[in-house]
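Remarks on the structure that follows.
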Amino acid sequence: MPDVRMRGFRSRKPVEEVLAWIDAEVSALGEETVSLSEAHGRVLAGPIVSSIDVPAFDRSAMDGFALKAEETVGAGDYNPLPFFVIGVSMPGQPFDGDLGKGQAVRIMTGAPIPAGADAVVPAEFATEKDGTVEIVDAVPTLKHIGRTGEDVQSGSTLLEASHRLRPQDCGLIASIGQAEVAVIRQPRVRIVVTGNELAEPGSERSPFQIYEANSHIVSGLIPRDGGVIESRIRCEDNRDSIREAITAPGADVILISGGSSVGSEDHAPGLVEELGELPIHGVAMRPSSPAGLGRIGDALIFLLPGNPVSCLCACDFFAGRAIRRLSGLSADWPYQKVPGELASKIVSQVGRVDYCRVRITDGRVEPLALSGASILSSTTRANGFVIVPPQSEGAAAGTQVDVYLYSQS
């Protein structure tokens with residue numbers, strides 16, 4: 001690939017072609033076994049099949065009295081029926097015996113149903129005194145009883161492979177006694193920040209420095225997409241510093257922020273090509289046109305432009321897709337998509353994808369900006385973004401568009 005520094009891009013890859021390269025080159029990593037306490041948000045490597053029934057025994061769904069349902073027929077406020085209380089069944093401490101005619105066992109929620117009983121009368125319909133209980137409610141057979149296997153049956157598949165575990169999923173796995181789970185290994189993502197003009201937030205800056213923001217953008221996207229941050233490295237704008245950062249072992253994905261364009265100090269593209277391969281540099285989209293993709297050894301490399309909106313866009317479009325695929329998630333965006341009507345026109349150019357920040361006001365979609373890749377505040381003023389496809393010159397006011405929402409609220 002020719003050196004584009006101080007020369008500019010002769011051509012740019014279509015976004016569709018870049019996404020196709022990611023899909024062809026990137027697949028889920030291998031599996032690992034983790035404890036259930038570490039499994040939240042992870043992607044299952046295989047199905048979860050239960051080896052037990054849940055519950056493993058018939059149990060009470062109420063605090064009350066276990067008895068024979070047929071013996072409660074006719075019970076009511078004006079016809080209380082008496083039963084001898086012969087014991088108690090507690091959670092983990094069942095009643096040891098059989099119920100006979102006219103007998104009942106005091107029982108707590110979750111306790112095993114005594115042998116001979118087939119229903120539970122709730123405590124509010126019973127009055128206990130001097131070893132007997134009077135029942136004022138007739139109950140049918142199996143009333144207020146949780147049956148064996150009612151929740152989970154032995155041999156049933158509870159969760160399929162490729163499912164991302166939610167809190168309730170981990171609870172369900174725990175309920176079948178499983179303490180470990182096989183999941184897809186999380187991709188380890190290294191963030192490499194370049195730029196002598198950058199100062200760290202919280203530190204003093206010179207009059208012509210700016211505070212570094214890009215790593216704080218991408219570090220929030222990485223866990224969302226199933227990755228884990230391996231490290232964050234600040235580099236000076238020189239080849240040796242960048243070379244050391246991108247060749248150190250330990251990362252599956254390396255995100256290089258800044259130094260991806262055509263400036264004389266933009267060393268990253270040349271280094272990636274020299275040390276590995278850089279099949280894509282320059283993308284037909286706005287913002288993010290200087291983005292690039294490649295490999296060094298087994299590590300995927302993403303060149304993210306230094307302007308913060310471009311960085312966000314390139315990370316979301318390309319790096320995020322790769323991280324999701326590596327982690328076993330769907331390649332598609334996790335954003336909620338809602339329809340809306342444009343309040344004013346969007347102007348674009350055929351052959352280029354545009355990422356347009358928009359705000360939804362009174363149900364109408366107002367474009368905030370198409371240019372201004374350094375105006376990060378446009379993304380915080382926006383509710384989301386609209387993608388203008390490459391075959392379009394834009395969209396007129398009144399056009400129905402799909403808005404990808406930045407948040408679910």
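Remarks
- Distance between the C-alpha centres of segment 276-302 and segment 45-70: 55 Å, rounded to the whole angstrom.
- Considering only Ala104, Gly258, Thr72, and ranking their Cα positions along the charge dipole of the chain that arises from unit charges at the beta-carbon of Lys, Arg, Asp and Glu, the one farthest toward the positive end is Gly258.
- Anisotropy class of segment 282-332 from Cα gyration tensor, a/c 1.5 cut: oblate
- Taking every DSSP beta bridge that has both ends in the chain, the antiparallel portion is near 65%.
- Taking amide hydrogens as placed 1.01 Å from N in the peptide plane, the amide H of Ala61 sits under 5 Å from those of Gly110, Ile145, Gly146, each at least 5 positions away in sequence or on another chain.
- Mean separation of Cα contacts under 8 Å (6+ apart) over length of the chain, as relative contact order %: 17
- Ranked by the mean number of other Cβ atoms within 10 Å of their residues, highest first, the peptides 382-390, 26-34, 131-139, 185-193 fall in the order 185-193, 382-390, 131-139, 26-34.
- Segment 1-114: C-alpha gyration tensor shape, a/c 1.5 cut-off, then a/b vs b/c: prolate
- Only one residue of Val121, Met90, Ala56 has its Cα farthest out toward the positive end of the dipole of segment 1-130, where Lys and Arg carry +1 and Asp and Glu -1 on Cβ, and that residue is Ala56.
- Magnitude of the charge dipole, segment 84-216, Cβ model with Lys/Arg +1 and Asp/Glu -1, debye to 20: 380
- The lysines within cross-link reach of Lys129, meaning a Cα-to-Cα straight distance under 21 Å and a gap of 8 or more places when in the same chain, are Lys68, Lys101.
- The aspartates and glutamates whose alpha-carbon is closer than 14 Å to the alpha-carbon of Lys337, local same-chain residues fewer than 8 away aside, are Asp402.
- Across segment 283-409, the relative contact order, built from alpha-carbon pairs under 8 Å that are at least six residues apart, equals 28 percent.
- With K and R counted +1 and D and E -1, the other residues having a Cβ less than 12 Å from that of Arg164 yield a net charge of +1.
- Student exercise, segment 199-279 dipole from Lys, Arg, Asp, Glu Cβ charges, in Debye to nearest 20: 280
- For Arg224, the solvent-accessible surface computed with a 1.4 Å probe is close to 60 Å², ligands and nucleic acids excluded.
- Residues whose placed amide H lies under 5 Å from that of Gly46, excluding near-sequence neighbours: Ser162
- Label of the coordinate-derived value, Rg and Dmax of the Cα atoms in Å, listed as (1) 22.3, 64; (2) 28.9, 102; (3) 31.5, 98: (3)
- Computed about the Cα centre, the dipole magnitude for segment 206-363 is approximately 600 debye when only Lys and Arg (+1) and Asp and Glu (-1) carry charge, each at its Cβ.
- Scalar couplings 3J(HN,Hα) for segment 157-174, obtained by applying the Karplus form with A = 6.51, B = -1.76, C = 1.60 to θ = phi - 60°, are 8, 8, 9, 8, 4, 6, 7, 8, 6, 9, x, 5, 5, 5, x, 5, 5, 4 Hz; x denotes Gly and Pro.
- For segment 298-309, 3J(HN,Hα) computed residue by residue from phi via the Karplus equation (6.51, -1.76, 1.60; θ = phi - 60°) reads 8, 8, 7, 10, 10, 8, 9, x, x, 5, x, 5 Hz, glycine and proline entered as x.
- Sorted on the mean count of surrounding Cβ atoms within 10 Å across their residues, most packed first, peptides 114-124, 92-102 read 114-124, 92-102.
- Net charge of Cβ neighbours under 14 Å - reference Thr148; Lys, Arg +1; Asp, Glu -1: -3
- A Förster radius of 30 Å combined with the Cβ-Cβ distance from Ala61 to Ala182 puts the calculated FRET efficiency at roughly 0.35.
- Estimated FRET transfer efficiency (Val350, Glu204; beta-carbon r; R0 45 Å; 0.05): 0.45
The values are calculated or read from the model by the stated rules, or taken from the named source; none is laboratory data. Just so you know, these numbers come straight off a predicted model, no measurement behind them. Glycine gets a Cβ as well: all are built from the backbone with ideal geometry, and neighbour counts include every protein chain shown. Calculation scope for accessible area: heavy atoms of the full protein, side chains included, ligands and nucleic acids excluded. Shrake-Rupley method; radii C 1.70, N 1.55, O 1.52, S 1.80 Å.
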